Amino acid sequence: MLLSKVMEGIEYSGFAGDCEICDITQDSRKVNEGVAFICIKGLKCDGHDFARSAVQQGAPVVICERDLGLENQIIVDSTRRAFAIMCENLFEHPLNKLKLIGITGTNGKTSSTFITKQILEKCGFKCGLIGTIQNMIGDEVLHADYTTPDTYELHSLFKRMAEAECDYVIMEVSSHALELGRVADMHFVAACFTNLTEDHLDFHKTMEAYFAAKTRLFGMTDCAIVNIDDSWGNKIPIADRVELITYGIDNAAAELRAENVEFSADGVAFDFCLPGFRRRVKVPTPGKFSAYNALSAAGCALAVGAEPDKVAEALDCSTGIKGRAEVYPTGRDFTIILDYAHTPDGVENILSSMREVSKGRLVALFGCGGDRDPYKRPIMGEAAARLADFVIVTSDNPRTENPEKIVEQILPGVTKYDTPYVVIVNRREAMKYAVEHARSNDVIVFAGKGHEDYQILATGKIHFDEREVLDEIFAELYPEQK
């Protein structure tokens, strides 16, 4: 494609010629003949430092934010925004053929996107999905590395979805993606806010900055779907041109509500209510948070024209989601729940939900990720000790941090209560301990890994799927079951 075509819609100065380019990249290691290099300043590295190397490797042009003294440089105000537009041009404007639905918030994004997809497919639409667990084009499952992929991968996915004739793309939109411009200049037909609790403060520094990043999405949409049971939801600035749909369980002012909520070990039932409509539904994941996720998904579907009866019907036959309050089949008289909860609010939600259905002890096994917000570690410990009858503190994804040091930062929260606890840093050994010491009617929550099938250590990523680990543990402890 000609450089002039890739640069359409971008104001720039510098290189005035035109040339053929075969690709664009922000990774200097991927540069070769015909690949344009764009200099983006990241959290650890600045692409401008690699510009000359990119030219030596064959980059016909370098896009940058300052004069680098190169003959073939193009200078723009923001390389992040330019990169988004360039990717859109390179992949031939796939968003012209797709309608985007974005879901943001600390917790509930993954479940809400999956349920929204299920509802819209029940209504006859073909949908793509972009999120934490996986990306999807209809029924085709694609690997996902990040909640919101980088700009290039995102537009590459959009092109594949457009070619597959998807009608809608439902995507998780992270605060990082909003802050770093990965979704710059995109337009959403609907955008949903689930909630905001402490997370990612290593990046955003304050809750106010974290919130500000999230609210950017609502200046990019036709319709905002907002949880007004959440105090932050009530603070989102909504422009007059944007339609607003509110949802909630406790706030009577919400347009979309769950009433007469009943909890059980296999799900949550409630009256699905909106003005002039009421129907009893049941979703197959336990807990109050599951009702919120169902409401957020319903709001997204209603925002794009789905009929209430179709939405209710789809909710009633929705399916569970891997790693979200997922029940592992023990074959014993105790229950194991696998959940992705990795924030204080996430831990509180899953434990509160399981407390409502537990007939024996509630056991919490969890750790905290390394190279991430350290402030939440004692808060997660406190939530676990306050809500569980027994706590097992272990490792999660320690990354480059010392796992023992992470545990030391969790324990001040745990010891605020008299709840008995043990520390077993090796996660596999901690899981084995939990199974070995399980009592009749116990509910044991393994929090933090959920859908993940890996663990990130200082030495790199290793395969670690809790389902497989549990299979091995049960085969070892209860060989008679196999």
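The values are calculated or read from the model by the stated rules, or taken from the named source; none is laboratory data. Small disclaimer: the values here were computed from a predicted structure and weren't measured. Note that each Cβ is placed from the backbone with ideal geometry, even for glycine, and that neighbours are counted across all protein chains shown. For accessibility, only protein heavy atoms count, side chains too; no ligands or nucleic acids. Shrake-Rupley method; radii C 1.70, N 1.55, O 1.52, S 1.80 Å.
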Filtered residues of segment 100-127 (kept if over 19 Å from E140 (Cα atoms) and of a type in the set (D, E, K, R)) | K109
Just to be sure, is I85 outside any loop (DSSP other than H, G, I, E, B), open to solvent by less than 30 Å² (accessible area, probe 1.4 Å), farther than 30 Å from T343 by Cβ and modelled with pLDDT under 95?
-> yes
Could you tell me which residue of segment 367-395 is farthest from the chain's Cα centre (by Cα), considering only residues that are among the basic types (K, R) and open to solvent by 10 Å² or more (accessible area, probe 1.4 Å)?
-> R386
How many residues, within segment 1-58, are among the hydrophobic types (A, V, I, L, M, F, W, C), in contact (Cβ under 8 Å) with a residue 60 or more places away in the chain, assigned to a helix (DSSP H, G or I) and open to solvent by 40 Å² or more (accessible area, probe 1.4 Å)?
-> 0
In segment 268-281, the residues that are farther than 10 Å from P308 by Cβ and surrounded by fewer than 19 Cβ atoms within 10 Å (Cβ to Cβ) = A269, D271, R280
Give the residue, chosen from L196, L129, L120, that is at pLDDT 95 or above, within 21 Å of Y292 (Cβ to Cβ), in contact with a Phe, Trp or Tyr (Cβ under 6 Å, 6 or more places away or on another chain) and open to solvent by less than 50 Å² (accessible area, probe 1.4 Å).
-> L120
Is it true that some residue in segment 321-330 is more than 28 Å from V141 (Cβ to Cβ) and either crowded, with 19+ Cβ neighbours inside 10 Å or at pLDDT 90 or above (or both)?
-> no
Got a number for residues in segment 425-453 being without any contact (Cβ under 8 Å) to a residue 24 or more places away in the chain and touching a His at 6+ places or on another chain (Cβ under 8 Å)?
-> 1
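Can you find even one residue in segment 408-422 that is open to solvent by 30 Å² or more (accessible area, probe 1.4 Å), hydroxyl-bearing (S, T, Y), under 24 Å from F334 (Cβ atoms) and touching a helix residue (DSSP H, G or I) at 6+ places or on another chain (Cβ under 7 Å)?
For segment 408-422, residues open to solvent by 30 Å² or more (accessible area, probe 1.4 Å), hydroxyl-bearing (S, T, Y), under 24 Å from F334 (Cβ atoms) and touching a helix residue (DSSP H, G or I) at 6+ places or on another chain (Cβ under 7 Å): present.
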Just checking, which of D333, D345, D316 is without any contact (Cβ under 8 Å) to a residue 40 or more places away in the chain and either under 18 Å from V363 (Cα atoms) or among the acidic types (D, E) (or both)?
-> D316
Listed by range, strands (runs of 3 or more DSSP E) wholly within segment 98-212 having at least 1 residues that are farther than 23 Å from E452 by Cβ are 99-104, 127-130, 168-172, 188-193
Which members of segment 396-407 meet the condition of being among the acidic types (D, E) and open to solvent by 70 Å² or more (accessible area, probe 1.4 Å)?
-> E404
